[in-house]
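Shown next, in structure tokens, is the structure this report addresses.
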Amino acid sequence: MTPLGTDPAASPLLSVRDLAKRFEIHHLGRQVATFQAVDFDLDAGEFLMLGGANGTGKSTLLRTLYRSCRTDTGTAIYRSARGPIDLLRAADIDIAWLRRAEIGFVTQFLQARPRISAEDIVAEPLLQSGQDHKTAIGEARRWLDAFGLKPTLWPAYPSAFSGGEQQKVNLARALIRPRRLLFLDEPTASLDRLARRALVARLEELKRAGVAMIGVFHFPEDIQHLVDQQIILDADTPLADPVSQGDMADVAE
Amino acid sequence: MNAPMTGLAMMPDLEPPRLVDEEPAVVVSGLTKRYGDFTAVDQVGFTAFPGEVIGVVGESGSGKSTLLRLLNLEEQPQAGTYTLGIKSCAGVNLFTLGRFESRSTRVRHIGIVYQNPHLGLHMHHTSGGNVAERLLVAGERSFHALRRRARAALDASEFPMDRIDVPPLTLSGGMQQRVQLAKAIALEPDLLLLDEPTTGLDVSVQALVLDTLKRLQRDRRITMVIVSHDLGVIRTLADRVLVMRRGAVVEAGLTDQVLGDPQHPYTQQLVHAKL
């Protein structure tokens, strides 16, 4: 296996063609369209910025590539260290492996679990990939420190933290493991300037290391200098025709 | 894991695994259990890989608990195969085992935690004794080894050691579940079955038990099947989810996808009803 992001044959890292996503809302008997006909190639170390008004499906696009959403339209060929694979059709178990090993998703919300300390939450991905507890906690603290979370809060439960502090924990957790491809869904929302700067510094580092990124940003000016490509999603999201009556009958029960 | 969703605008089928070449820990196929005219479990199939947690959701009466009893070899189905990826019975359909072998497979390779602790524990014996009994059944005879292994299992379940001689009857619900868990993992099973393990516990106690399960899963990579009607529990623990309705699996997929972008009308109702 080649080191992360350094395989010269892996170009482009991700090829997306004709990607679209519709939500089928059974109890309304209709489909809601989001983005459609999205095409792009992304190389290792490249940064793709997704733009467009609220509700144009920027987050949904990230979630579709991460397979938190399913779609029946398009292809997304990702060149994994273990071989190329269509993210839209890959087996669930392959996607689960990619999420552990190669593809990360950074959201704007921390899913804090009750009674788990900030440093344990951050260390968890390292523990999952087999590192010993001491190393993992040490690394977790280094990350929390880099994002400006006060050391007194490291052993505390984040459920009581402010939104900004929770986000620092969230970012540290999401970025602690090396990745080849990162999805960033408004990671700077609710961050103070210092933490935003720390995040941008980390993203610069990752980009230099060859990590490809696709991002939606609340403050695009922060990361403008990292952007290689930009895709603006359309503002109007037409509603498709209602689905057939047969489907309605199933909902009615 | 791709369940048919007949009559729906269909998502394309997923490909077979290509990046992961591990042998599955559990393979179930065509599992059907009928009681008279009533079909409790209808053609259920799934594959679980080592260390994976499979969640099973659905309303009461959807067949979740029957499925778990079948997986625990407590009942015989009318049809279906069930294999565990372990050397001693690789490729063997566990439903074809004789009574003695079936029992020994259950004791050695499968652990279970019931919603109701009375089903899994002797409520008047000591907590340590409940765990040691499991080891005795499996053939452990040395008193010292029994005590040491029982303590280790209780410790892994985060049971307070100073209460090891207290009978479950006088313990809180959360502690009773920890004793059940210790008993279930004492023999390091290849498959851990959890039937609504936190239902009926206080929310804060529930969080602690969930945390223990999460830690066990991470540290020991035990393959688990967890049945719960609580989608929060499933979201916290499960990697993948089966949605059951009237005995059949109507949808299966990654937990965040099934709960966040459900495809089947029934799953959409279920998710919206609980959020």
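The values are calculated or read from the model by the stated rules, or taken from the named source; none is laboratory data. Keep in mind the model is a prediction, meaning the values are calculated, not measured. Heads up, the Cβs are rebuilt from the backbone with ideal geometry, glycines too, and the neighbour counts pull from every protein chain shown. For the accessible areas, the whole protein counts, side chains as well, though only heavy atoms, and no ligand, DNA or RNA atoms are used. Shrake-Rupley method; radii C 1.70, N 1.55, O 1.52, S 1.80 Å.
Remark: spin-label model distance B:SER142-A:ASP132 equals 2.7 nm, labels positioned 7 Å along the Cα→Cβ axis.
Each Cα pair under 8 Å and six or more residues apart adds its sequence gap; the mean of these over the residue count of the range A:112-175 is a relative contact order of 46 percent.
Give me the net charge for the shell around A:GLU165: Cβ to Cβ below 10 angstrom, other residues only, Lys and Arg +1, Asp and Glu -1.
Working: positive: A:LYS150, A:LYS168; negative: A:ASP192.
Counting the neighbours of A:GLU165, the net charge comes to +1.
Pairs of Cα atoms nearer than 8 Å and 6+ residues apart set the relative contact order; for chain B it is 26 percent. Counting Cβ atoms of other protein chains within 10 Å of each residue's Cβ and taking the mean over peptide A:106-117 gives 2. Of all lysines in the structure, those lying under 25 Å Cα to Cα from A:LYS207, and not within fewer than 8 positions of it along the same chain, are A:LYS58, A:LYS168.
Report the antiparallel proportion of the DSSP beta bridges in chain A as a percent, rounded to a multiple of 5.
Just about 55 percent of them are antiparallel.
Peptide A:22-28 has a mean of 4 when you count, residue by residue, the C-beta atoms of other protein chains within 10 Å of its C-beta.
Between B:GLU158 and A:ASP72, the FRET efficiency estimated from the beta carbon spacing at R0 = 60 angstrom works out to 0.85.
What is the sum of charges, Lys and Arg at +1 and Asp and Glu at -1, for the other residues whose Cβ falls under 11 Å from the Cβ of A:GLY74? Show your work: numbers first, answer last.
Values: positive: A:ARG17, A:LYS21, A:ARG89; negative: A:ASP18, A:ASP39, A:ASP72, A:ASP86.
Summing Lys and Arg as +1 and Asp and Glu as -1 gives -1.
Working from label points 7 Å from Cα in the Cα-to-Cβ sense, the A:LEU28 to B:VAL20 distance is 3.4 nm. Rolling a 1.4 Å probe over the protein heavy atoms of chain B, with every protein chain left in place, gives an accessible area that is 50 percent carbon and sulfur. Between beta-carbons, use under 11 Å as the cut-off and find the net charge around B:VAL205, counting Lys and Arg +1, Asp and Glu -1. Once positives and negatives cancel, what remains is 0.
How many square angstrom of accessible surface are buried between B and A, both sides summed, with a 1.4 Å probe and rounding to 100? Write down the numbers at each step before the final one.
On the way: alone 13680 and 12580 Å², together 22780 Å².
Counting protein atoms only, the buried area is about 3500 Å².
Overall, chain B carries a charge dipole of about 780 debye about its Cα centre when +1 sits on the Cβ of Lys and Arg and -1 on the Cβ of Asp and Glu, all other atoms neutral.
How far, in nm, would the chain grow between B:SER88 and B:SER172 when pulled straight, counting 0.36 nm per residue and subtracting the alpha carbon separation? Working shown, then result.
Numbers: separation 84, 0.36 × 84 = 30.24 nm, distance 3.82 nm.
Using 0.36 nm per residue and subtracting the Cα-Cα distance, I get 26.4 nm.
Rounded to the nearest 20 debye, the dipole magnitude of the range A:28-134 is 400 debye, with +1 charges on Lys and Arg beta carbons, -1 on Asp and Glu beta carbons, and the Cα centre as origin.
Nearest 500 deg cm²/dmol is fine: what mean residue ellipticity at 222 nm does the protein assembly as shown get from its DSSP H runs of n ≥ 4 alone, each adding -39,500 (n - 2.57), divided by its residue count?
Values: 17 runs with 183 residues, N = 528.
Calculated mean residue ellipticity at 222 nm is -10500 deg cm²/dmol.
Between the range A:26-77 and the range B:193-269, how many Å separate their Cα centres? One Cα centre to the other: 27 Å. DSSP finds beta bridges in the protein assembly as shown, and of those with both partners inside it, around 50 percent are antiparallel.
Just name one of A:LEU171, A:TRP97, A:ALA76: the one whose Cα is farthest towards the positive end of the charge dipole of chain A (beta-carbon charges, Lys/Arg +1, Asp/Glu -1). Checking the options against the dipole of chain A, the answer is A:LEU171. Between B:GLU188 and A:THR152, the FRET efficiency estimated from the beta carbon spacing at R0 = 45 angstrom works out to 0.70.
Taking every residue in B:11-17 and counting other chain Cβ atoms within 10 Å of its Cβ, the average works out to 6. Distance between the 7 Å Cα→Cβ label points at A:GLU204 and B:THR199: 5.5 nm.
Hey, can you rank B:26-36, A:15-25 by average C-beta count inside 10 Å, highest first?
Details: B:26-36: 16.6, A:15-25: 18.2.
Final packing ranking: A:15-25, B:26-36.
Here r is the Cβ-Cβ distance between B:GLU75 and A:HIS225 and R0 is 60 Å; the resulting FRET efficiency, rounded to 0.05, is 0.40. Residue-wise HN-Hα couplings along the range B:43-51, as the Karplus relation 6.51 cos²θ - 1.76 cosθ + 1.60 with θ = phi - 60° gives them from phi, are 6, 7, x, 6, 10, 10, 9, x, x Hz; Gly and Pro carry x.
Farthest toward the positive end of the dipole of the protein assembly as shown, out of A:GLN131, B:GLY232, A:PRO12, is the Cα of A:GLN131, where the dipole comes from beta carbon charges about the Cα centre. Take every Cα pair under 8 Å whose residues are at least 6 apart in sequence, average their separation, divide by the length of chain A, and the relative contact order is 30 percent.
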